[in-house]
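Scroll down for the structure; my scribbles are underneath it.
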Amino acid sequence: MTKITSSLNRRAMLRGAAVATVATPALIGKAIAQGKTTWRVQAHWPKASGSFRDSLGVIADLVEERTDGAFKLELLGAGEFAGGPDIYNIVRRGVVPMGTISASYIVDRAETASFIYGIPGTLRESWEMQHAVTNMGLEAMLNEELASDGVRLMSEKVLPTEMTLSKRIESADDFRGLKIRSSGTLLDYLAAAGAAPQFVPGSELYQALSSGVVDGAHWGAAIGAQSMSLWEVCKYHYKPVLAQTTDSFIFNQKALDDLDDDLRSVLTQTIESRFFLRTAEYQHKEAIALAEGVRDNGIEVVHLPDDVLELLAAASVDILETEGQKGEKAAKAADIYTTLMRDLSYI
C-alpha cells in the first residue's frame, strides 16, 4: 500500500464541494499519495451503455480530480474480465477490487438482494427506493450478508425499469409467450403475466434482439434502450414503470481496507453523494431520452393493457410475500417495503 505524504489539492476538492458538502470538509488538508494507486473496475455495463459514461465515468473523473491524480480507476466494459453475475465472483476473489452489478445477479448469495434490486409493482417513485435503501436500512442489511464473502455493496443510483418490445400488446393474449430479456424478480413478475422471460447478458442483448432470440427487453428504461440501440429493433416502448430498481458498486473489502484512509474516504464519500445526484439526473435524462426516441427513432409509447396490469399486480403481491419468506433478514426487508407502501397509502 502506498503511503500518503503530499497535500490534498484543496481546489480540486472544492470544485466538487457544491454537490458533496458532506464529503469535503473532512478531507481538506489531509495527505495524498506521491505515488499513484490504480484500480481496475469491471462494469456490468457495456461501454456503449449510458451508465458506463455517466455513472462510472463520472465517478472515475471525480475520484481522480479529488485526489489530485493519486487515485485512478481503470474502467472495463462488460465482458472484458467478466460479465453479469460473474463480476461478483471476481471481486470477491480479488481479481479486481471493484465492479458494478445489478443486485439481481446475487440473489443466490443474499436473501435481501432482491429488495435492493427492487420488488416489481411496489414502490412507484425513485425517492421512495432511495429512502428504503439508505435511510430505512436495506443496503446495511445486505452488507451484513455479504460480509462473510468479504464484499461490500454501495448503491449507485435508482432507475426505472420499462420494457421495449418489437410487438404491440393489445391484451394478455398478445403478451402470452413473448420472449423478454429480464433479470431478478422481474423474471417471475413477467412470467406471471404469461410472458417467457429469460436472462441475456448486456453484451449479447442487441444481437439477441436483432436475431429474434428475444422479442423485447428491459435495460433500465428509455436511457438504457437508447444507449444500447434497442429502439433500432424494438419500436414499442411500454409504460407504466415495472419497478424502481438499482445499480450497484461492489468492492473487495480487503482491497478497500488496504487503501490509505484519505483515498478510501474520497472514493466512498464521492459514491455516497453521487447516489442521490445521479438518481435525480437520471430521471431528467429519462424524459429527454424518451422524447428523442419518439422524434428520432419513431418509437411509440404504449401503455400495457389493463388485463396484463391486473396479472402483474397479483404477481407483485406474491413476489413480495415469497421473497419475505427466505429468512429472517428477508422478512425485515419485506417489512420495510410494506411499511413504506402503507404509509404512502399504496396498500
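Bear in mind these aren't lab numbers, they're just calculated from the coordinates by the rules spelled out. Just so it is clear, the model here is predicted, and its values are computed rather than measured. So basically every Cβ, Gly included, is an ideal-geometry build from the backbone, and we count neighbours across all protein chains shown.
Return an integer: the convex hull volume of the alpha-carbon atoms of the chain, in Å³ per residue.
Per residue, the Cα convex hull of the chain comes to 125 Å³.
Taking trypsin sites (Lys or Arg not before Pro) as candidate sites, keep only those in a DSSP loop with at most 14 other Cβ atoms within 10 Å, then name the longest stretch of the chain containing none of them.
Of all site-free stretches, the longest is 177-347.
How far apart, in nanometres, would the label points at D61 and D335 be if each is projected 7 angstrom from Cα along the Cα-to-Cβ direction?
Roughly 4.4 nm, to one decimal.
Among Q253, Q226, Q325, whose mean-square fluctuation peaks in a Gaussian network model of the chain (Cα, cutoff 10 Å)?
In this elastic network of the chain, the residue with the biggest mean-square fluctuation among Q253, Q226, Q325 is Q325.
Considering every pair of different Cα atoms, what Kirkwood radius, in Å, is found for region 202-319?
Averaging 1/r across every pair of different Cα atoms and inverting gives 17.2 Å.
Would you mind telling me which residue in S316, S229, S182 has the biggest mean-square fluctuation in a Gaussian network model of the chain, where springs connect alpha carbons within a distance under 10 angstrom?
S229
So, how do all the Cα-to-Cα distances of region 106-178 break down into 5 Å bins, in percent, from 0 on up?
Going from the shortest bin to the longest, the percentages are 3, 13, 22, 17, 13, 11, 9, 8, 3, 1.
Find, among the chymotrypsin sites (Phe, Trp or Tyr not before Pro) in region 94-164, those assigned to loop by DSSP (not H, G, I, E, B) with at most 11 other beta-carbon atoms within 10 angstrom.
Sites meeting the loop and neighbour criteria: none at all.
Pairs of alpha-carbon atoms within less than 8 angstrom and 6+ residues apart define the contacts here; what relative contact order does the chain have, in percent?
Computed over the chain, the figure is 23 percent.
Starting from region 164-236, pick out the GluC sites (Glu not before Pro) whose DSSP state is loop and whose Cβ has at most 13 other Cβ atoms within 10 Å.
E170
So, in Å, what gap is there between the alpha-carbon centers of region 210-237 and region 42-81?
24 Å
Is the shape of region 49-100 rounded, prolate or oblate, going by the alpha carbon gyration tensor and its root eigenvalues a ≥ b ≥ c, with a/c under 1.5 for rounded and a/b larger than b/c for prolate?
oblate
Per residue of the chain, what 222 nm ellipticity follows from adding -39500 (n - 2.57) for every DSSP H run with n ≥ 4, rounded to the nearest 500?
-12500 deg cm²/dmol
For the pairs K157/K239; K285/K329; K47/K179; K72/K326; K235/K285; K167/K326, flag any whose C-alpha to C-alpha distance is greater than 28 Å.
The answer is K285/K329; K72/K326; K167/K326.
When Lys and Arg each count +1 and Asp and Glu each count -1, what net charge do the other residues less than 14 Å away from L187, Cβ to Cβ, add up to?
Residues close to L187 contribute a combined charge of -2.
Report the chymotrypsin sites (Phe, Trp or Tyr not before Pro) located in region 239-347 that are in a DSSP loop and have at most 15 other Cβ atoms inside 10 Å of their Cβ, or state none.
Y346
Within the set of other residues whose C-beta is less than 15 Å from the C-beta of G293, count the net charge using Lys and Arg as +1 and Asp and Glu as -1.
-2
Specify whether the C-alpha gyration tensor of region 273-347 places it in the rounded, prolate or oblate class, a ≥ b ≥ c being the square roots of the eigenvalues: rounded for a/c under 1.5, otherwise prolate if a/b is larger than b/c and oblate if not.
oblate
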